[in-house]
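Okay, so here's the structure we're looking at.
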Amino acid sequence: VSADLAKKPNRSQTRVRVNWLIHLLYTRGEFDECLRLVESQLKASGGLCEYPLYIKAMIFRQQGKVQTALELFQAAALLNPHGQENLKQVGRSLFLLGKHKAAVDVLDEAALHTTHEDWEVLHNKGLCYMHLKEWDKALESFASA
């Protein structure tokens with residue numbers, strides 16, 4: 001490997017470094033700076049970066065922009081159809097919007113993309129079933145969580 005290649009990071013390495021910084025800003029609660037970096041990444045990638053979409057959706061949902069967050073989580077899920085975290089967040093957003101049956105359907109899909117029972121999926125399904133007044137299914141989901 002030449003010295004020039006060793007010094008200059010490739011696109012993948014650059015994206016990982018930027019994702020790390022996005023994560024750091026998000027976890028510190030520095031949302032304005034985080035969103036600026038997210039927008040920069042999305043612009044550079046033509047909107048095809050899963051992690052920046054995910055973080056933007058998380059921030060928007062925390063700000064009460066649940067419908068916009070849902071759309072961003074759905075876009076992230078399209079980029080990675082087998083990504084369980086994206087589907088879990090789609091389900092959570094649907095729950096927050098009062099679309100409980102749709103949330104259960106998405107959470108069932110999320111459960112298919114894991115090798116173990118995920119307590120978050122089960123817990124959120126239990127919440128949905130409570131709102132749907134399907135008490136037995138709610139209890140079963142909570143007990144499994």
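How much length, in nm to one decimal, is gained on full extension between residue 32 and residue 96, taken as 0.36 nm per residue of separation minus their Cα-Cα distance? List each step's numbers first, then the result.
Details: separation 64, 0.36 × 64 = 23.04 nm, distance 2.37 nm.
Using 0.36 nm per residue and subtracting the Cα-Cα distance, I get 20.7 nm.
Please report the spacing between the Cα centers of the range 21-37 and the range 97-145 in Å, no decimals.
30 Å
Which whole-number percentage describes the relative contact order of the chain, with Cα contacts under 8 Å and a sequence gap of 6 or more?
On the way: 159 pairs, mean separation 18.5, N = 145.
This gives 13 percent for the chain.
Kindly provide the helix-only [θ] at 222 nm of the chain, computed as the sum of -39,500 (n - 2.57) over DSSP H runs of four or more divided by all residues, to the nearest 500 deg cm²/dmol? Mind showing how you got there, number by number?
Details: 9 runs with 114 residues, N = 145.
About -25000 deg cm²/dmol.
Say each of residue 80 and residue 108 gets a label point 7 Å from the Cα, pointing the same way as Cα to Cβ; how far apart are those two points in nm?
2.5 nm
Could you please report the charge total around residue 100, scoring K, R as +1 and D, E as -1 over all other residues with beta-carbon less than 12 angstrom from its beta-carbon?
Charge balance in the 12 Å sphere: +4.
For the range 103-135, which GluC sites (Glu not before Pro) are in a loop by DSSP, counting at most 16 other Cβ atoms within 10 Å? Provide the component values of the computation, followed by the final result.
Working: sites: 109, 117, 120, 134; in loops: 117, 134.
When the GluC sites (Glu not before Pro) of the range 103-135 are filtered for loop state and at most 16 Cβ neighbours within 10 Å, 117 remain.
Collect residues whose amide H, placed 1.01 Å from N in the peptide plane, falls under 5 Å from the amide H of residue 134; neighbours closer than 5 in sequence don't count.
Long-range HN contacts for residue 134: none found.
Computed from these coordinates, which is volume of the Cα convex hull per residue in Å³: [x] 160; [y] 103; [z] 129?
[z]
Just to be sure I follow: if Rg is taken over the C-alpha atoms of the range 76-145 and Rh is the Kirkwood radius over the same atoms, what is Rg/Rh?
On the way: Rg = 11.3 Å, Rh = 11.7 Å.
Ratio of gyration radius to Kirkwood radius: 0.97.
Using the Cα atoms as the points, what is the convex hull volume per residue of the range 17-69 in Å³?
So the per-residue hull volume is 65 Å³.
Assuming 0.36 nm per residue, please report the length gained on full extension of the stretch residue 40 to residue 120 beyond their Cα-Cα distance.
25.7 nm
No value in this document is a laboratory result; all are computed from the given coordinates. Just so it is clear, the structure is predicted and the values come from calculations on it, not from any experiment. Cβ sites come from the backbone with ideal geometry, for glycine too, and all protein chains shown count toward neighbours.
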